[in-house]
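The next block holds one structure in the form of structure tokens; read it before the comments.
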Amino acid sequence: SLSGGMVAHYRLDDAKGLRTANAVDEKPGASYKGPGEPQWVPGVMGRALALDGQGAHVDCGTVFDPERTDKFSYGCWFNAATNDQTACLLSKIGALFDGSGQGGFHAILRDDSLQLGWIHRFPENRLTLTVEFDHENDRWHHLAVSYDGTAKGAGVKVFVDGQLASSRIAVDTLTESIRNTAPVQIGQQQLHSSFHGRIDDVRIWDRELDAAEALALYELGVRAVARLAADQRTPDQQEL
């Protein structure tokens, strides 16, 4: 069922080059942007992309452009190089601060929490949830976010490492459009909040994920690592 409704699947299994494929048929791939060459490293589901926190990210174009009334979900594996950062895992954010109302959605990793947002205009017209999450650096975690299109915090489910996480609704005032012309970005929001660490297996759906699917996504990663011989695993793979 995981392939149903999937609009993007970036495995990030590349070994060279600036392009990464979209595993969903007839959907465009994405491009590495930022300083230097991309660093393709061991991940959970094969390879992963290491980002430097200095502007390196993946530009996915307008592969997905949801409205606040649309159901959608997304997920990825991530491994933070440091737990002292404010960094974006996934975003589609327009010009938040110029009064145009070009918001969007994002997932922001903070030192002791995850902040999830669906935004029309900041700060007055948005939905923001906070998930307490004291993550350890240099350790793999899986995030899955499911949104039911009601524009209400009660319609969001967040799964961390396959388990439903407790979330707090910080702002619940979203009433207008979140659509914009900005690209979907992996590892950055606009030109700031760059992620320092590794990201793997990014997926986006135009529907809700349920609890069984969120658990299955986590278990897929664990099984992929378990299939490796112990002496072939990296320390963080072994920890997972």
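The values are calculated or read from the model by the stated rules, or taken from the named source; none is laboratory data. This one's a predicted model, so the numbers in the text were calculated from it and none came from an experiment. In this analysis, Cβ positions are derived from the backbone assuming ideal geometry, glycine residues included, and neighbour counts consider all displayed protein chains. Please note that ligands, DNA and RNA were not included when accessible areas were found on the heavy atoms of the full protein model with its side chains. Shrake-Rupley method; radii C 1.70, N 1.55, O 1.52, S 1.80 Å.
Checking the structure you have, find out if any residue of segment 208-227 is closer than 19 Å to Asn79 by Cα, assigned to a helix (DSSP H, G or I) and hydroxyl-bearing (Ser, Thr, Tyr).
Checked segment 208-227: at least one residue is closer than 19 Å to Asn79 by Cα, assigned to a helix (DSSP H, G or I) and hydroxyl-bearing (Ser, Thr, Tyr).
Do any strands (runs of 3 or more DSSP E) entirely within segment 1-113 hold 2 or more residues that are of a type in the set (Ser, Thr, Tyr) and open to solvent by less than 50 Å² (accessible area, probe 1.4 Å), and if so, which?
30-33, 72-80
Going by the conditions given, is Val171 buried (at least 21 other Cβ atoms within 10 Å of the Cβ) and of a type outside the set (Ser, Thr, Tyr)?
no
Looking at segment 181-233, which of its residues are among the β-branched types (Val, Ile, Thr) and modelled with pLDDT under 95?
Step one: list which residues in segment 181-233 are among the β-branched types (Val, Ile, Thr), which gives 181, 184, 186, 199, 202, 204, 222, 225.
Result: Thr181, single match.
Name the residues in segment 221-239 that are open to solvent by 60 Å² or more (accessible area, probe 1.4 Å) and closer than 20 Å to Ala144 by Cα, would you?
Arg223
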